[in-house]
Amino acid sequence: MRKTLISGLIAALAVTPVPAAMADTAPASGELATVTADALPTWQTDGVVLTIEIVNGVTYVGGNFDNVRPPGVPKGGAGEVPRVGLAAFDTATGDLLPWNPVAFSPTFTDDQAQNECDKIATDTYRCDTVWEIKASPDGSKIYVAGDFNKIDNSRRDRMAAFDTATGALDPDFKPVFNNRVRAIAVSDTTVYAGGHFTTVNGETRTRLAAFDASTAALTSWAPTADKRVNAMALTPAGNRLIVGGDFDRINGVKQHGLSAVNVSDGSKGVFNSNDIPATSSTSRSWVTDIVSDGTRMYASANGEGTFDGRLAFNPDNGSRIWINNCLGATQAISVMGGVLYSGSHAHRCSMQSYYGGDGFPETKPHRRYLAEPAGTAQGAKQTILHWFPNSAPGTTYPWVQGPWAMANDGTYLWAGGDFTEVNDVAQQGLTRWTFHETSPDVGGPLQAGFGAPTAQAVGGGKVTVRWGATWDLDNRKVRYEVLRNDGQVACTAEAFSVFWNLPNLSCQDTGRTPGATHTYRVRAIDPYNNRVSSPNSAAVTVL
């Protein structure tokens with residue numbers, strides 16, 4: 001009878017017990033579940049996606065692109081069709097929908113580089129990028145904003161609205177902004193706008209403005225921000241508007257990057273956190289995105305020499321709940337199922353927790369997507385979860401970070417940006433994920449770097465087999481089967497592994513006939529029976 005002896009496994013598994021907040025796609029009882037890291041088939045863009053909004057099963061995207069194409073098709077290939085700055089897709093299938101407005105602006109000349117615009121010729125540019133899309137609470141309308149001054153043949157100066165049932169441009173909502181609109185928030189009664197502008201409809205509005213949702217009229221609400229506003233979100237109670245950006249003052253009161261404005265009168269609201277620092281021109285952060293889960297609120301940041309992670313805060317007073325100080329600018333966040341997902345270029349998370357240990361050290365390639373528990377307790381050290389899909393960033397300055405937008409409908413998580421690959425497979429501009437119950441987890445442990453084991457005869461009919469662990473993008477635990485050259489399982493092991501901590505494992509094949517010759521390979525298997533095999537070992541003669 002064959003006997004199995006596992007050695008080296010105890011050390012591999014000697015880790016701190018997993019806290020209840022930990023997760024992957026196969027969580028233990030009481031743990032969170034993440035979406036899988038498997039990218040679902042999704043149409044692509046030929047440029048950057050900067051905003052995503054999901055309404056009634058439709059995913060609306062905006063950005064700086066001219067065409068879209070089916071999954072798997074290279075840029076300019078068969079099936080590519082025009083979509084200029086705006087497009088819509090079926091949320092569940094990723095397929096293109098007929099909605100096809102064109103965001104447009106005329107060319108202009110400038111001897112100063114306009115890096116966020118299309119360069120048409122020397123000193124000649126066109127700025128028609130869509131920066132933001134937000135839906136009304138009832139889903140009947142979407143509002144779009146950016147740099148454009150036309151939608152199709154209709155004049156729309158940097159902001160427009162559409163009927164989601166018909167796709168038609170709203171004939172009444174046509175404010176005139178003198179500069180970029182970058183952020184939108186919508187209540188049942190009011191549409192809020194933020195950005196770079198200083199006038200609306202010829203009236204002074206310093207980077208913040210509001211409109212009556214029924215009449216489209218500009219309201220008297222007129223708080224001020226001294227520099228750009230990048231993101232906005234209403235608190236769950238609806239009485240405060242949280243604003244984020246690179247400003248230093250709201251209504252003349254000093255508070256950098258993240259603050260609150262009362263919706264009743266535009267006065268600055270209480271905000272007790274100062275986690276977005278601005279100590280100098282070379283050491284400052286700015287807010288890139290703000291979201292809410294109905295209880296807490298969350299903000300992401302970019303930074304120069306300082307904070308560029310994520311934080312959670314109390315919507316009523318702005319006090320910090322938790323903060324994640326991973327290094328690497330975060331451009332977008334989305335909260336779903338108790339997990340905060342982020343798009344970034346994280347390159348060091350050693351100051352955060354990972355299953356009782358430390359997060360990853362300085363690393364390349366940078367991690368473009370991360371997940372963390374949204375419900376981390378007040379003041380507790382934040383944790384990163386085991387969810388590590390990745391993407392290859394594009395090369396178009398200044399969009400080269402990779403992800404720039406995220407949104408979800410509770411089942412599907414979408415991401416957009418300037419990227420050309422997802423998990424080493426060609427995919428430009430857009431991608432999406434879902435839970436394994438909706439679409440099976442088919443991505444197994446990684447082949448790259450999973451080398452051949454070594455086999456050593458140790459006498460008594462025993463052979464010790466040693467190998468270096470591989471890892472899986474969305475499951476921390478991997479099971480291993482050591483296969484003898486006759487195809488039989490010689491011994492097994494399992495271990496927790498991640499890209500910065502790959503344990504060395506071993507087990508023994510026993511009861512072999514002295515003088516017999518064997519080779520061995522190792523099969524790595526995730527919790528969903530996805531598997532990958534190593535190359536064969538060199539032959540070994542049993543002693």
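The values are calculated or read from the model by the stated rules, or taken from the named source; none is laboratory data. This structure is a prediction, so every number in the text was calculated from the model and none was measured. Counting neighbours? That spans all protein chains shown, and the Cβs are built from the backbone with ideal geometry, glycine included. Keep in mind that these areas ignore ligands, DNA and RNA; they rest on the heavy atoms of the full protein, side chains included. Shrake-Rupley method; radii C 1.70, N 1.55, O 1.52, S 1.80 Å.
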Yes/no for Thr107 being open to solvent by 50 Å² or more (accessible area, probe 1.4 Å), polar (S, T, N, Q) and either at pLDDT 85 or above or out of contact with any His (no Cβ under 8 Å at 6 or more places or on another chain) (or both): yes
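Glu31 - would you say it is surrounded by 14 or more Cβ atoms within 10 Å (Cβ to Cβ), without any contact (Cβ under 8 Å) to a residue 24 or more places away in the chain and farther than 27 Å from Tyr143 by Cβ?
Working: surrounded by 14 or more Cβ atoms within 10 Å (Cβ to Cβ): yes; without any contact (Cβ under 8 Å) to a residue 24 or more places away in the chain: yes; farther than 27 Å from Tyr143 by Cβ: yes.
For Glu31, the condition - surrounded by 14 or more Cβ atoms within 10 Å (Cβ to Cβ), without any contact (Cβ under 8 Å) to a residue 24 or more places away in the chain and farther than 27 Å from Tyr143 by Cβ - is met.
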Residues of region 495-526 that turn out to be open to solvent by less than 60 Å² (accessible area, probe 1.4 Å) and within 42 Å of the chain's Cα centre (by Cα), as a count: 15
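Return yes when Asn536 is of a type in the set (S, T, N, Q), in contact with a Lys or Arg (Cβ under 8 Å, 6 or more places away or on another chain), closer than 30 Å to Ser353 by Cβ and open to solvent by 60 Å² or more (accessible area, probe 1.4 Å) and no when it is not. Quick ask: steps written out before the conclusion?
On the way: of a type in the set (S, T, N, Q): yes; in contact with a Lys or Arg (Cβ under 8 Å, 6 or more places away or on another chain): yes; closer than 30 Å to Ser353 by Cβ: no; open to solvent by 60 Å² or more (accessible area, probe 1.4 Å): yes.
For Asn536, the condition - of a type in the set (S, T, N, Q), in contact with a Lys or Arg (Cβ under 8 Å, 6 or more places away or on another chain), closer than 30 Å to Ser353 by Cβ and open to solvent by 60 Å² or more (accessible area, probe 1.4 Å) - is not met.
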So Trp467, is it modelled with pLDDT of 95 or more and farther than 25 Å from Asn230 by Cα: yes
Restricting region 206-221 to residues that are in a strand (DSSP E or B) and not aliphatic (A, V, I, L, M), the residue that is surrounded by the fewest Cβ atoms within 10 Å (Cβ to Cβ): Asp212
Search result, residues across region 20-59 that are touching a Gly at 6+ places or on another chain (Cβ under 8 Å), at pLDDT below 95 and within 22 Å of Ala92 (Cα to Cα): Ala33
Any hit, region 155-175, residues being in contact with a Gly (Cβ under 9 Å, 6 or more places away or on another chain) and charged (D, E, K, R): yes
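Does any residue of region 110-118 turn out to be in a strand (DSSP E or B), touching a strand residue (DSSP E or B) at 6+ places or on another chain (Cβ under 7 Å) and either surrounded by 14 or more Cβ atoms within 10 Å (Cβ to Cβ) or not β-branched (Val, Ile, Thr) (or both)? Lay out the reasoning, then the answer.
The initial filter retains those residues of region 110-118 that are in a strand (DSSP E or B), namely 118.
Filter once more, so that each one left must be touching a strand residue (DSSP E or B) at 6+ places or on another chain (Cβ under 7 Å): 118.
Narrowing further to those that are either surrounded by 14 or more Cβ atoms within 10 Å (Cβ to Cβ) or not β-branched (Val, Ile, Thr) (or both): 118.
Yes, because at least one residue in region 110-118 is in a strand (DSSP E or B), touching a strand residue (DSSP E or B) at 6+ places or on another chain (Cβ under 7 Å) and either surrounded by 14 or more Cβ atoms within 10 Å (Cβ to Cβ) or not β-branched (Val, Ile, Thr) (or both).
Residues in region 512-525: is at least one out of contact with any Ser or Thr (no Cβ under 9 Å at 6 or more places or on another chain) and closer than 25 Å to Ser439 by Cβ?
Our first condition is that a residue be out of contact with any Ser or Thr (no Cβ under 9 Å at 6 or more places or on another chain); within region 512-525, this holds for 512-513, 525.
Narrowing further to those that are closer than 25 Å to Ser439 by Cβ: 525.
Yes: region 512-525 contains one or more residues that are out of contact with any Ser or Thr (no Cβ under 9 Å at 6 or more places or on another chain) and closer than 25 Å to Ser439 by Cβ.
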Hits in region 65-89 (condition: at positive phi and open to solvent by 10 Å² or more (accessible area, probe 1.4 Å)): Gly72, Gly76, Gly79
Residue list for region 178-205, filter: touching a Phe, Trp or Tyr at 6+ places or on another chain (Cβ under 6 Å), assigned to a strand (DSSP E or B) and either without any contact (Cβ under 8 Å) to a residue 24 or more places away in the chain or open to solvent by 20 Å² or more (accessible area, probe 1.4 Å) (or both): Arg182
Close pairs (9 angstrom Cβ cut-off, 6 or more residues apart or separate chains): touching a residue at least 12 places away in the same chain (Cβ under 8 Å) and more than 26 Å from Asp38 (Cβ to Cβ) in region 76-98, of a type outside the set (Val, Ile, Thr) and loosely packed, with under 13 Cβ neighbours inside 10 Å anywhere: none
Check on Val68, among the hydrophobic types (A, V, I, L, M, F, W, C), part of a strand (DSSP E or B), farther than 25 Å from Thr288 by Cα and at pLDDT 95 or above: yes
Pick from region 125-143, criterion surrounded by fewer than 19 Cβ atoms within 10 Å (Cβ to Cβ) and modelled with pLDDT of 95 or more, ranking: farthest from Ala233 (Cα to Cα): Ser140
Listing of strands (runs of 3 or more DSSP E) fully contained in region 274-381 that carry 3 or more residues being open to solvent by 20 Å² or more (accessible area, probe 1.4 Å): 278-280, 283-292
Hits in region 152-172 (condition: buried (at least 23 other Cβ atoms within 10 Å of the Cβ) and assigned to a loop (DSSP other than H, G, I, E, B)): Arg156, Arg158
Complete set of residues in region 493-509 that are of a type outside the set (Ser, Thr, Tyr) and part of a strand (DSSP E or B): Ala493, Glu494, Ala495, Phe496, Val498, Asn501, Asn504, Leu505, Cys507, Gln508, Asp509
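In region 200-213, is there at least one residue being among the hydroxyl-bearing types (Ser, Thr, Tyr), closer than 14 Å to Pro175 by Cα and modelled with pLDDT of 95 or more? Write out each step before concluding.
In the first step, residues of region 200-213 are kept if they are among the hydroxyl-bearing types (Ser, Thr, Tyr); the result is 204, 206.
Checking which are closer than 14 Å to Pro175 by Cα leaves us with 204.
Now restrict to residues that are modelled with pLDDT of 95 or more: 204.
Within region 200-213, one or more residues are among the hydroxyl-bearing types (Ser, Thr, Tyr), closer than 14 Å to Pro175 by Cα and modelled with pLDDT of 95 or more.
If you take just the strands (runs of 3 or more DSSP E) that sit entirely in region 390-472, which of them hold at least 1 residues that are within 20 Å of Ala346 (Cβ to Cβ) and open to solvent by 30 Å² or more (accessible area, probe 1.4 Å)?
Working: elements: 391-393, 403-408, 412-417, 419-422, 430-434, 454-459, 462-468.
By residue number, 391-393, 403-408, 419-422.
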Meets criteria (of a type outside the set (S, T, N, Q), at pLDDT 95 or above, touching a strand residue (DSSP E or B) at 6+ places or on another chain (Cβ under 7 Å) and loosely packed, with under 14 Cβ neighbours inside 10 Å) for Pro175: no
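I need a count of the residues in region 460-494 that are of a type in the set (Asp, Glu) and over 33 Å from the mean Cα position of the chain (by Cα). Give the steps one after another, and end with the answer.
Let us first name the residues in region 460-494 that are of a type in the set (Asp, Glu), namely 472, 474, 481, 486, 494.
When the remaining residues are screened for being over 33 Å from the mean Cα position of the chain (by Cα), the result is 481, 486.
Result for region 460-494: 2.
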Pair list, Cβ < 8 Å and 6+ apart or interchain, from region 39-50 residues that are within 16 Å of Thr395 (Cβ to Cβ) to residues that are in a strand (DSSP E or B) and among the polar types (S, T, N, Q): Thr45/Asn67; Asp46/Asn67; Gly47/Asn64; Val48/Asn64
Of residues in region 473-492 being in a loop (DSSP other than H, G, I, E, B) and farther than 17 Å from Tyr369 by Cα, the one least open to solvent (accessible area, probe 1.4 Å): Gly487
